[in-house]
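In what follows, a single structure is set out as structure tokens and then discussed.
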Amino acid sequence: MPTVTQATVSTSVDVPATAIHTQSANWRPTKSVSPPQDVSSTPSEKKRASKYRHVAAYHSSLRTSPLSTDSPVNPSFIGFRNLMVIVLIVMNLRLVVENFMKYGVLICIKCHDYRKNDVFLASILTALVPCHLFVAYIIELAAAQQAKGAIGRKKKSDNVAAQTEKEQQTFQLTWRFIALAHTINATLCLAVTNFVVYYYVHHPGIGTICELHAIIVWLKNCSYAFTNRDLRHAMLHPSEQSKLPEIYSTCPYPQNVTVGNLVYFWLAPTLVYQPVYPRTTHIRWGFVGKRLGEFVVLSVFIWLTSAQYAAPVLRNSLDKIAVLDFTSIIERIMKLSTISLVIWLAGFYALFQSLLNALAEIMRFGDREFYSDWWNSWSVGMYWRAVIAVALGGIPVLSWIQGSVVTILRKPAKVPYPQHYATAEQCKENPAAHKFNSAQRSHGNLIENMAQTMLYMLVAGLKYPNATAALGAVWIVFRALYAHGYITSNKKNGKGRFNGAPSWIAQAALWGLAVFGVGWDLIKL
């Protein structure tokens with residue numbers, strides 16, 4: 001009885017082991033067995049099936065290294081990406097351990113100087129600023145009544161051509177009065193907030209929130225006025241060119257000029273007014289709870305990171321700045337930039353992903369593309385993300401840094417709260433008091449110019465994103481030099497602040513781009 005080995009030798013072709021075991025039970029020596037053709041077998045599998053493994057032709061074709069430029073297939077680097085993520089996590093965990101070993105726990109809930117007066121004024125501003133939207137509603141209500149009257153007179157008139165020309169003149173005159181009323185209303189929205197925050201609100205965080213609220217309402221005011229003006233014009237002068245989007249057909253002008261419609265726009269997570277928005281069918285309260293939970297957790301994370309990591313770096317940087325140790329200053333900036341990046345990304349996710357999605361779900365707001373994939377963008381102009389990063393990222397960070405410097409210098413200056421500045425007698429007795437006054441005034445000057453500069457950037461970035469981002473970066477750099485010269489220079493009358501004089505040029509350029517570049521185009525619409 002032949003063995004399996006003999007059967008293998010007697011054949012002219014190497015047979016896979018599975019085929020041999022299958023056929024060994026019915027083997028006949030007088031018959032030539034043809035091995036089944038396994039089309040799915042690879043060359044390497046056939047080599048392993050051979051009896052003589054050491055004579056297998058492992059190098060049987062032309063092949064290139066995976067990382068070679070001659071490789072016909074692009075290799076995957078997912079493994080390297082995972083490795084970099086692991087290395088990044090381990091490095092940051094080491095920094096966390098090092099921070100706790102060096103400083104201990106720096107979190108202090110009772111150490112924040114939230115004054116009752118600041119909270120009271122911020123609450124009043126929060127309640128009064130939206131009233132400007134209702135003033136805009138009253139203005140639009142009067143304009144809508146005038147437009148309906150014009151339509152009625154037009155139907156009764158026999159001389160259609162003359163009536164059309166007259167209606168155009170009336171519309172233009174009415175729009176000038178309406179535009180003037182809207183301008184005064186929107187300007188007061190910003191002016192009152194700026195005045196109260198500058199003179200009476202001392203906490204930089206509370207002041208920044210009040211300013212951002214006023215800017216948001218101001219932008220909503222402008223959109224409400226411009227959109228209703230176009231809707232009114234389309235109603236008075238219908239044509240093929242003035243055809244409105246199909247979605248507006250469910251709420252034509254002037255049916256949209258209602259309190260309910262305005263309240264929805266006020267609370268909706270958008271700055272663009274429309275009579276009708278895409279809406280979802282119901283509210284998913286579980287989704288709302290998850291997004292609000294993310295927002296709370298990330299807000300606490302930002303606070304802990306700022307207090308535990310950013311604040312010590314700032315304190316340790318003061319002596320380096322005082323002696324102009326540029327190597328150490330650059331090292332501190334690089335260290336702070338990492339912390340700032342983490343805080344910025346956490347803030348981005350908390351605001352644009354968590355909070356706005358929760359608000360959109362509550363309002364059943366359907367269009368939730370609050371941001372694009374800016375992390376894959378290759379140009380500054382795409383979604384003008386650099387403008388957003390500079391205006392809403394760099395400028396508040398600069399304000400927070402200067403506010404922290406003022407707080408740090410207050411103790412050696414021996415200036416108690418709520419005293420804003422050291423007296424002349426304190427400055428004579430203690431040089432640190434003079435330095436505190438300089439830091440306080442430098443920070444105050446930044447607050448004076450910060451809100452309007454951010455507004456200029458957000459408006460100018462609509463048309464000139466590259467130039468706006470560059471001018472904003474120049475403004476931030478020279479504002480930092482302004483503060484440094486003001487605080488550390490021994491020149492009389494604070495002339496060291498003139499180190500940052502180019503910031504005024506950059507600010508004037510941003511104003512020109514916003515007013516004459518974008519604002520003039522909006523007026524001509």
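For the reader, a short list of remarks on this structure follows.
- Residues residue 51 and residue 334, FRET efficiency given R0 of 60 Å [Cβ-Cβ distance, rounded to 0.05]: 0.40
- Inter-probe distance in nm under a simple model that places probes 7 Å from Cα toward Cβ, at residue 318 and residue 230: 5.2 nm
- Sequence ranges 57-64, 295-302, ranked by mean other-Cβ count within 10 angstrom, highest first: 295-302, 57-64
- Of the trypsin sites (Lys or Arg not before Pro) found in the stretch 184-260, those in coil by DSSP whose Cβ has at most 15 other Cβ atoms within 10 Å are 243.
- Restricting the stretch 407-493 to trypsin sites (Lys or Arg not before Pro) that sit in a DSSP loop and have at most 15 other Cβ atoms within 10 Å of their own Cβ leaves 414, 463, 491.
- Between residue 466 and residue 301, the simple spin-label model (points 7 angstrom out along Cα→Cβ) gives 3.6 nm.
- Full extension of the chain between residue 251 and residue 501 gives 84.8 nm of extra length, using 0.36 nm per residue less the Cα-Cα distance.
- Under 5 Å between amide hydrogens, built in the peptide plane, is the criterion, and for residue 365 it picks out 280 among residues at least 5 positions away or on other chains.
- Loop-located trypsin sites (Lys or Arg not before Pro) across the stretch 66-125 with a Cβ neighbour count of 16 or fewer within 10 Å are 115, with loop assigned by DSSP.
- Spin-label pair residue 284-residue 108: with each label point 7 Å from Cα along the Cα-Cβ axis, the two points sit 4.4 nm from one another.
Read the figures in this text as sums done on the coordinates, not as results from a lab. Being a predicted model, the structure only gives us computed values, none of them experimental. Quick reminder, even Gly has a Cβ in these numbers, built from the backbone with ideal geometry, and neighbours come from all protein chains shown.
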